[in-house]
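In what follows, a structure is listed as structure tokens, so that the remarks can point back to it.
The values are calculated or read from the model by the stated rules, or taken from the named source; none is laboratory data. Treat the numbers as computed from the prediction; the structure is a model and nothing was measured. Don't worry about glycine lacking a Cβ; one is built from the backbone with ideal geometry, like all the others, and counts go over all protein chains shown. Accessible surface is based on the protein model in full, side chains and every heavy atom, while ligands, DNA and RNA are left aside. Shrake-Rupley method; radii C 1.70, N 1.55, O 1.52, S 1.80 Å.
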Amino acid sequence: MVRATAPDASDRLQRNLLLYSTAGVFLVSVVVVLFSVIPLYNNLKTAQEQDLKAKLSNRTLAAEQVRRSKIDVAEQVTSRTFARRILSDYIQGEASLAELRELSFFDLEDAIDQNEALVGVSRFDNTDQLIVRVGITSPLGLAEILQEETDESITVGPIMIDNHPHLLVSSPVFSEQQEPIGQDIAVFRMLGMEKVVTDYSGLGETGEMFLAYEQGDALELLFPSRNGSQVLSEQAVPFLKSGIAQTAAKIEHYDGKVMAFAALPNADWVIAVQMDRQELYGAVNRDLIFVGLAVFGVSAIATSGLVLGLRPLIGRVADADELEKEVLAKTTAFEELKQTQIQLVQAEKMSSLGQLVAGIAHEINNPMNFIHGNLTHLENSAETLLEITHFLLAKYPDIPADIEEKLEDLEFEYLEEDLPRIISSMQMGSKRIREIVLSLRNFSRLDESELKPVDIHEGIDSTLLLLQNRVKPKPESPGVEITKVYGDIPKIECYASQLNQVFMNLLVNALDVLDEYNADRSFQDLKQNPATITITTEVTEQSKVTIKFADNGPGIPAEVHRKLFEPFFTTKPVGKGTGMGLSISQQIIHENHGGKLFCKTQLGLGTEFVIELPLQQTLIGVG
């Protein structure tokens, strides 16, 4: 019997160790890919679909704004004072039908001349009798449009006239006493809607938008698709029909395409945005290939290192230092992957918040514009009424006693003094609301996701306005003083929404620190030595912009200062902070803008965060 020699056993042991270690590392790599790369790929695909929904939401808001603008124009036509007055006189028997038709014709013709989209108006009296018709005639009668009585404006359409879609708007006409005295049917060309539908910006080379409505059992397009077709794909028709009955956006996949669709609010239409799967997920697929190659590359490197490390281990103990380095490298890679996933979630939250803020601002802006625009007319009308009253009192000084008693009962002198003040207060209030809406829109900046020149002072002011509730005085506190020392700074190239997020993080952190620091101080002490935040901007000699946020809080201890920008590090109680705000802010400034974000602090005197940004990102190759 021949025994294996020591060299043979050593070689066999070496081969077995290399084989098993290689197989083990390969299996670990496969597990890492399955449990990290694949979920990440699904998250990235979901993010792309959410982005498609965001594009749909933006276009839905634009389409609804166009539809609403037609209603606003129709209501402006019905609210014309002269036309309302002559119709009211006719109903009361103080004007003839011929006078009514002649004067109404000129008034409605002037309204059509002032609006490009308005092409026809038909006016009816309170008995539904046609008084006058100007421009294109509505193919539908008043009875066909008004299924039931209503004091609101309603839209009907689209109605095809001369092979072009038109929108009908039925609006009631009210007297000066707000009593219904007639009805208008306004005919609009859908020019603005066509511009919205044919705007393919942000949809790549294959993206397109549809606006469709039910015509019997079929689904008809209002405007041709990007390739000129007027017919929808048969596969898309069923779920687009189901979308008319629901307002929430949905995603469907068909025939190599991805479609986001939803019902247009207040209309029996469905709006959809679609892109080819290959284009929509192209960036995700490239990222997946890159991440997969990186993971397998790291695994190959780790395998090679392990093999080389095991060779000298035959007959001696493994080098503990090399093993420790290998474990540390894998741990670091895992932590970086975890941080990337959290940052993706945070970015998605900010995107959703921006969409919500923009939507709220839009919904407030429409009625506010109507109120603000009519306040001037209200002021003029009030002045006219007072002027007429004074003229009558001066013309007939010896007024009857019952009229004089009525004026005293109505407190006419007080009304004369108080009415201008009331209107002025309303104007100030509407102006304030418009400023808040503008700040909300500036902060969200959904349309500024690309690199472009931006006024950073506007972004800072919008952020401060959103935080006004935390800054303004309260019964228990005199508030926080904000000092702005703005330099003469040109517009800088940046990602506006990302920079606004950094401003919000820094200001919220400063306010949190000041609230905690001043919690035990008396109101009188705070009034004499108020909490302050000073914001300074300037251009340095190196063609850079410096933005400083300084507070007079307690300062930051050295052991905390060293960890400020580490992910997940926070000094706030559980549930009040994630520890990601400063880390994400530094990433936005450093990686996305090629700048710097650092902190200066001194115990007892306060803290200052400094942002340094280049004036032009393209000069340093960012973006």
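For region 190-245, just list the percent of Cα-Cα distances falling in each 5 Å bin from zero outward, please.
4, 17, 28, 24, 19, 7, 1
Taking amide H atoms as placed 1.01 Å from N in the peptide plane, list the residues 5 or more away in sequence, or in a different chain, whose amide H sits under 5 Å from that of residue 479.
Result for residue 479 returns 474.
Amide H neighbours of residue 538 under 5 Å, counting only residues 5+ apart in sequence or on other chains, H built in-plane at 1.01 Å?
The answer is 487, 546.
What FRET efficiency would be calculated for the residue pair residue 426, residue 384, taking the C-beta separation as r and a Förster radius of 22 Å, to the nearest 0.05?
FRET efficiency, residue 426 to residue 384: 0.80.
Where a ≥ b ≥ c are the square roots of the eigenvalues of the C-alpha gyration tensor, would you call region 71-227 rounded, which needs a/c under 1.5, or, failing that, prolate if a/b is larger than b/c, or oblate?
Working: a/c = 2.68, a/b = 2.21, b/c = 1.21.
Here region 71-227 falls in the prolate category.
Considering the Cα positions of region 368-415, please state its Rg to one decimal place and its Dmax as a whole number of Å.
In order Rg, Dmax, the Cα atoms of region 368-415 give 14.5, 45 Å.
Using R₀ = 56 Å, calculate the FRET efficiency as 1/(1 + (r/R₀)^6) where r is the Cβ-Cβ separation of residue 602 and residue 233; round to 0.05.
0.25
Kindly write out, for region 537-553 in residue order, the coupling ³J(HN,Hα) from the Karplus curve 6.51 cos²θ - 1.76 cosθ + 1.60 (θ = phi - 60°), rounded to whole Hz, with x marking Gly and Pro.
In residue order, the calculated couplings are 10, 6, 9, 8, 5, 8, 6, 10, 9, 10, 10, 10, 10, 10, 10, 9, x Hz.
Residue separation times 0.36 nm, minus the C-alpha to C-alpha distance between residue 250 and residue 544: what's the value?
Extra length available between residue 250 and residue 544 comes to 101.3 nm.
For 125, 398, write out the residues from largest to smallest accessible area, computed with a 1.4 angstrom probe and no ligands counted.
398, 125
Give me a comma-separated list of calculated 3J(HN,Hα) values for region 191-202, in order, Karplus coefficients 6.51, -1.76, 1.60 applied at θ = phi - 60°, integers in Hz, x for any Gly or Pro.
So the Karplus estimates, Gly and Pro as x, are 5, x, 5, 5, 5, 5, 5, 8, 8, 9, 5, x Hz.
At a Förster distance of 60 Å, what's the computed FRET efficiency of residue 176 paired with residue 569, Cβ-Cβ distance as r, to 0.05? Please report the intermediate quantities before stating the final value.
On the way: r = 66 Å, r/R0 = 1.11.
The value I calculate is 0.35.
Using only the alpha-carbon atoms, what does region 474-580 span along each of its principal axes? Please give whole angstrom values in decreasing order.
If we take the Cα atoms of region 474-580, the spans are 44, 34, 27 Å.
Amide H of residue 80: which non-local residues (sequence gap of 5 or more, or other chain) have their own amide H closer than 5 Å, using H built in the peptide plane?
Result for residue 80 returns nothing.
Which number do you get for Rg(Cα) / (2.2 N^0.38 Å) in region 531-573?
Taking N as the residue count of region 531-573, the ratio is 1.55.
In whole angstrom, note down how far apart the Cα centers of region 102-145 and region 181-236 are.
Between the Cα centres of region 102-145 and region 181-236 lies a distance of 26 Å.
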